[in-house]
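Worksheet: one structure, shown below.
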Amino acid sequence: MRTVAEYAERFGVYDEGDMEQVLSASLGSDETTLYRMVAAYAMLANGGERVEPTLVDRVQDRFGTTVYRHDTATCPDCSILRLPEGESPTIETHRERIINAITAFQITSMMEGVVARGTAARAINLPVPVAGKTGTTNEAKDVWFVGFTSNIAAGCYIGYDTPRSMGSASGGGLCAPVFQEFMQEAVQRFGGSAFPVPDNCQFINI
């Protein structure tokens, strides 16, 4: 369970030492927030590199000069007015790698299955590849769906402020349709593509 906890802490789902060392914690029995879960899934969508969520991306003064920028990515090629044909600018993210890129892709592939033929299959139908996971707690007190495309991560949580059963509710039945409605508009605006396959990733028929 310590290994499970280390991964959960690495992804920011829990602060260090906060996850209970019990077997049910591997199924998500400990409490966390939607904010943290969406950030964790964004790290999978990002190929295993850390994503720091923020509510403020940039601050400019009255002259338009940036005085604060959350994103530390740099673009060394952006000052070149003409790049060779077929090349795009290089973006250097300087992000910490928290999980192997191939492992992140494998998890993403499994979560694509949740949307294609699993608990979210009936509710989600988008024109781009989508990965995600439904969640329903004991007695249906909380329901979740957190998912992502190649460039957008989003999540839904539904439950009472004072937890009580919602009857026959489920993450696939309640939250997945909310995700679908939001992502339909988001994909129209921002697009999406197949999840990039990391170098050295092998596909073997069994």
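Annotations for the structure displayed:
- Accessible surface computed residue by residue for the chain, with neighbouring protein chains in place and a 1.4 Å probe, gives 66 Å² per residue.
- In Å², nearest 10: area of H94 left accessible to a 1.4 Å probe: 120 Å²
- For the chain, a Gaussian network of Cα nodes joined below 10 Å ranks P129, P196, P89 by mean-square fluctuation, and the top entry is P89.
- Annotation for the stretch 26-80 versus the stretch 98-135: alpha-carbon center distance of 21 Å.
- Loop exposure criterion: trypsin sites (Lys or Arg not before Pro), DSSP state outside H, G, I, E and B, at most 12 other Cβ atoms within 10 Å. Applied to the chain, the longest stretch between such sites is 1-61.
- Options [x] 8, 27, 35, 21, 8, 2, 0; [y] 8, 33, 37, 19, 3, 0; [z] 7, 22, 24, 21, 15, 8, 1, 0 - which one matches P(r) over Cα pairs in 10 Å bins from 0, in percent as calculated here: [x]
- Here V128 and T72 are evaluated by their C-beta separation; at R0 = 30 Å the FRET efficiency comes out at 0.60.
- From phi via Karplus (6.51, -1.76, 1.60), per-residue ³J(HN,Hα) for the stretch 191-196 in Hz, x at Gly/Pro: x, x, 8, 4, 5, x
- Heavy atoms of E52: accessible area, 1.4 Å probe, square angstrom to 10: 110 Å²
- When D61, D77, D15 are compared by accessible area of protein heavy atoms, the largest-first order is D15, D61, D77, using a 1.4 Å probe.
- Within the accessible area of the chain, the carbon and sulfur atoms contribute 50%, probe 1.4 Å, all protein chains present.
- The chain - Cys residues lacking any other Cys C-beta under 4.7 Å: C201
- Among T32, T65, T103, residue whose mean-square fluctuation peaks in a GNM of the chain (springs only between Cα atoms under 10 Å): T65
The values are calculated or read from the model by the stated rules, or taken from the named source; none is laboratory data. All values reported here derive from a predicted model rather than from experimental measurement. Virtual Cβ from ideal backbone geometry, glycine too; neighbours counted across all protein chains shown. SASA here: full protein model, heavy atoms, side chains in, ligands and nucleic acids out. Shrake-Rupley method; radii C 1.70, N 1.55, O 1.52, S 1.80 Å.
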